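Asker: I'd like to ask you about the structure that follows.
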Amino acid sequence: MEMTGRRGRKRVLIMGAGGRDFHDFNLLFRDDPDTEVVAFTAAQIPFLAGRSYPPSLSGPLYPEGIPVFDEGALPALITDGRVDEVLLAYSDLSHRRVMEIASEVLALGADFRLAGPERTMLQAAVPVVAVCAVRTGCGKSPVTRYLVGQLLKAGRRPVVVRHPMAYGRLDIRGVELFREPADLDRYQCTLEEREEFEPWIAMGVPLFAGIDYGAILRLAELEGDLILWDGGNNDLPFFRPDLHIVLVDPFRAGDEATFYPGLVNLRRADLVVLAKSEGAPPGSIGTIRASLDRFNPRAAVAEGSLVVQVDDPGRLKGRRVVVVEDGPTVTHGGMAFGAATVAARSHGATIVDPRPFATGSLATVYRDYPHIEGVVPAMGYSEEQLGDLRETLEGTPCDLILSGTPADLGGILGLRRPVLRVGYEFREAGEPLLARALMKMLARGGVS
């Protein structure tokens, strides 16, 4: 494994998943002459390994860029690369898994490090509201859309900045600004990125994403009078928030106390949102409130629901459907279902098991995540994987495809079968504590 560099500098390896790893490098190491980052490793997301963090982003200390390897190569990278320190820089890991990684690193002779939020958050010149979570798939994006709606009604000019999704060509992704559908093609966005970005384009709200969040922040500050940080997975915000909102999930009660860095988010939260309160499993709300009493009793708590919306629910009754759900939520997020499953059950449809008809990389996903049963995860990180998704959906015997992804699945894949779209919208329960906290923060920040 070729990892070249100059002797005398501390040699660091960054473990990542195409997001925080690059951000932490940019802030902590890019301009540090005493440290050499010899490699990144990649996990969770397919097709990340084998790339290089390009010289256009890595800076003058790295004229050849920095290679990205699969995480499975970690032991050889540490040993052969004479690595002094390993930085863990990705999210949605159980505390047990974090310590398993730490133990492996320490046994190989390197130091193990987690970077603190104060060293990896940038200070904005305008107020920042961060929407984060304790696990992936808690409902961050619907809550962020709800908050943007409140801001627009109040006459504000919000800008949304999305957690990075650095899945394709890195050299064109330093700063991404999305205003219209053509921008999705310009940056060669994957299906997963389209899921997150299309709703903002439809709302007419400027959306920034990319890799260099220092440059992104400077542009976002000029674009609007307030920044909404739309978090990814259960990661911490990249910008220092004036209001830190954290979502918890009653359908995974207990995870708020056992996943990294979700518990860090929970401890730092100004306001905690139970976004799936309606229909929550018995005892789950009590479990979460006990966690809050233990870890963050000062936080305000708001409850609400993710209301399922179906384009034409009358088409579902008595029909056989293949259900498509958000990929990361049902893979490493651990959820067995999402909005489309709820819609199918609520409107009398019969869900067809797609597993016998899965092809290529989709069949591998089912082997890697055996808890996934009656749904198709919307996996589309490459043209090949999009082809496998198309073939699986077309090959599953059904009357229609019920899509729980915000992206236009039928248009992206060119599906011959009819597609019915399902979505979530957030609705506060009882007193609008979330909206009040937002307006109070705005008054305190003096945004005109």
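The values are calculated or read from the model by the stated rules, or taken from the named source; none is laboratory data. Please read these numbers as outputs of a predicted model, since none were measured by experiment. Counting neighbours? That spans all protein chains shown, and the Cβs are built from the backbone with ideal geometry, glycine included. Keep in mind that these areas ignore ligands, DNA and RNA; they rest on the heavy atoms of the full protein, side chains included. Shrake-Rupley method; radii C 1.70, N 1.55, O 1.52, S 1.80 Å.
Asker: How many residues, within segment 152-175, are touching a Leu at 6+ places or on another chain (Cβ under 9 Å) and closer than 18 Å to residue 132 by Cβ? Step through it out loud before you land on a result.
Answerer: Applying the first criterion (touching a Leu at 6+ places or on another chain (Cβ under 9 Å)) to segment 152-175 yields 154, 156-162, 166-167, 170-171, 173-175.
Add one more test, that the residue is closer than 18 Å to residue 132 by Cβ, and what stays is 158-162.
Total satisfying the criteria: 5.
Asker: Now for a different question. If residue 165 meets every condition in (1) out of contact with any Gly (no Cβ under 6 Å at 6 or more places or on another chain); (2) at pLDDT 95 or above; (3) not charged (D, E, K, R) apart from one, which number is that one?
Answerer: Status for residue 165: all satisfied but (2).
Asker: Could you say which residue among 16, 72, 65 is open to solvent by 20 Å² or more (accessible area, probe 1.4 Å) and small (Gly, Ala, Ser)?
Answerer: Working: 16 fails: open to solvent by 20 Å² or more (accessible area, probe 1.4 Å); 65 fails: open to solvent by 20 Å² or more (accessible area, probe 1.4 Å).
Only one candidate passes the filter, namely 72.
Asker: When segment 249-259 is examined, which residues are found to be in contact with a strand residue (DSSP E or B) (Cβ under 7 Å, 6 or more places away or on another chain) and crowded, with 21+ Cβ neighbours inside 10 Å?
Answerer: From segment 249-259, those in contact with a strand residue (DSSP E or B) (Cβ under 7 Å, 6 or more places away or on another chain) are 250, 256, 258-259; that's our starting set.
The answer is 250, 256, 259.
Asker: Okay, next question. Among the listed residues 436, 427, 417, which satisfies the condition of being in a helix (DSSP H, G or I), of a type in the set (D, E, K, R) and modelled with pLDDT of 90 or more? Outline the logic, then answer.
Answerer: On the way: 427 fails: in a helix (DSSP H, G or I); 417 fails: in a helix (DSSP H, G or I).
Only one candidate qualifies: 436.
Asker: Out of all the residues in segment 96-130, which are of a type outside the set (A, V, I, L, M, F, W, C) and either in contact with an Asp or Glu (Cβ under 8 Å, 6 or more places away or on another chain) or modelled with pLDDT under 95 (or both)?
Answerer: Residues satisfying the conditions are 111, 113, 120, 127.
Asker: Within segment 426-434, does at least one residue satisfy the condition of being out of contact with any strand residue (DSSP E or B) (no Cβ under 8 Å at 6 or more places or on another chain), closer than 30 Å to residue 272 by Cβ and acidic (Asp, Glu)?
Answerer: Yes - at least one qualifying residue is present in segment 426-434.
Asker: Would you mind finding the one in 378, 443 that is among the aliphatic types (A, V, I, L, M), open to solvent by 60 Å² or more (accessible area, probe 1.4 Å) and modelled with pLDDT under 90?
Answerer: On the way: 378 fails: open to solvent by 60 Å² or more (accessible area, probe 1.4 Å).
Step by step, each of 378, 443 is checked, and only 443 is among the aliphatic types (A, V, I, L, M), open to solvent by 60 Å² or more (accessible area, probe 1.4 Å) and modelled with pLDDT under 90.
Asker: Then there's this: If the requirement is being over 23 Å from residue 24 (Cβ atoms), β-branched (Val, Ile, Thr) and touching a strand residue (DSSP E or B) at 6+ places or on another chain (Cβ under 7 Å), which of these qualifies: 161, 131, 126?
Answerer: Unique residue meeting the criteria: 126.
Asker: It is to be established whether one or more residues within segment 354-376 are closer than 27 Å to residue 200 by Cβ and out of contact with any strand residue (DSSP E or B) (no Cβ under 8 Å at 6 or more places or on another chain).
Answerer: no
Asker: Answer yes or no as to whether residue 246 is more than 22 Å from residue 28 (Cβ to Cβ), assigned to a loop (DSSP other than H, G, I, E, B), touching a strand residue (DSSP E or B) at 6+ places or on another chain (Cβ under 7 Å) and modelled with pLDDT of 95 or more.
Answerer: Against the criterion (more than 22 Å from residue 28 (Cβ to Cβ), assigned to a loop (DSSP other than H, G, I, E, B), touching a strand residue (DSSP E or B) at 6+ places or on another chain (Cβ under 7 Å) and modelled with pLDDT of 95 or more), residue 246 does not qualify.
Asker: Then there is this: In the set 321, 307, 301, which member is in contact with an Asp or Glu (Cβ under 7 Å, 6 or more places away or on another chain) and at pLDDT 90 or above?
Answerer: Numbers: 307 fails: at pLDDT 90 or above; 301 fails: in contact with an Asp or Glu (Cβ under 7 Å, 6 or more places away or on another chain).
Checking each option against the conditions leaves just 321.
Asker: Where in segment 49-115 are there helices (runs of 4 or more DSSP H), lying wholly inside it, with at least 1 residues that are in contact (Cβ under 8 Å) with a residue 40 or more places away in the chain and more than 29 Å from residue 134 (Cβ to Cβ)? Spell out how you get there, then give the answer.
Answerer: Numbers: elements: 55-58, 74-80, 95-107.
Filter on segment 49-115 gives 55-58, 74-80.
Asker: Next question, about the same structure. Select from segment 194-234 the residues that are closer than 18 Å to residue 421 by Cβ and not basic (Lys, Arg) and list them in ascending order. Give the derivation first.
Answerer: Our first condition is that a residue be closer than 18 Å to residue 421 by Cβ; within segment 194-234, this holds for 194-203.
Within segment 194-234, 195, 196, 197, 198, 199, 200, 201, 202, 203 meet the criteria.
Asker: Just give me the residues in segment 358-375 being open to solvent by less than 70 Å² (accessible area, probe 1.4 Å) and not small (Gly, Ala, Ser), in sequence order. Lay out the reasoning, then the answer.
Answerer: Restricting attention to segment 358-375, the residues satisfying the condition of being open to solvent by less than 70 Å² (accessible area, probe 1.4 Å) are 358-366, 369, 371-372, 374-375.
Correct list: 359, 362, 364, 365, 366, 369, 371, 372, 375.
Asker: While we're on this one: Could you tell me how many of the residues in segment 395-405 are in a loop (DSSP other than H, G, I, E, B) and surrounded by fewer than 24 Cβ atoms within 10 Å (Cβ to Cβ)?
Answerer: We begin by selecting, within segment 395-405, every residue in a loop (DSSP other than H, G, I, E, B); these are 396-399, 404-405.
Still in the list and also surrounded by fewer than 24 Cβ atoms within 10 Å (Cβ to Cβ): 396-399.
Matching residues across segment 395-405 total 4.
Asker: Taking segment 34-44 as the search range and keeping residues that are open to solvent by less than 20 Å² (accessible area, probe 1.4 Å) and touching a residue at least 40 places away in the same chain (Cβ under 8 Å), which one is farthest from residue 165 (Cα to Cα)? Show your work before the answer.
Answerer: From segment 34-44, those open to solvent by less than 20 Å² (accessible area, probe 1.4 Å) are 35-43; that's our starting set.
Imposing the further condition that a residue be touching a residue at least 40 places away in the same chain (Cβ under 8 Å) reduces the set to 38-39, 43.
On the way: 38: 22, 39: 19, 43: 13 Å.
So the residue we want is 38.
Asker: Suppose we filter 11, 6 for residues that are open to solvent by 10 Å² or more (accessible area, probe 1.4 Å) and modelled with pLDDT of 95 or more; which single one remains?
Answerer: Details: 6 fails: modelled with pLDDT of 95 or more.
Matching residue, one of 11, 6: 11.
Asker: Here are some residues: 442, 400, 438, 434. Which one is farther than 20 Å from residue 153 by Cα and in contact (Cβ under 8 Å) with a residue 12 or more places away in the chain?
Answerer: Residue meeting the stated conditions: 400.
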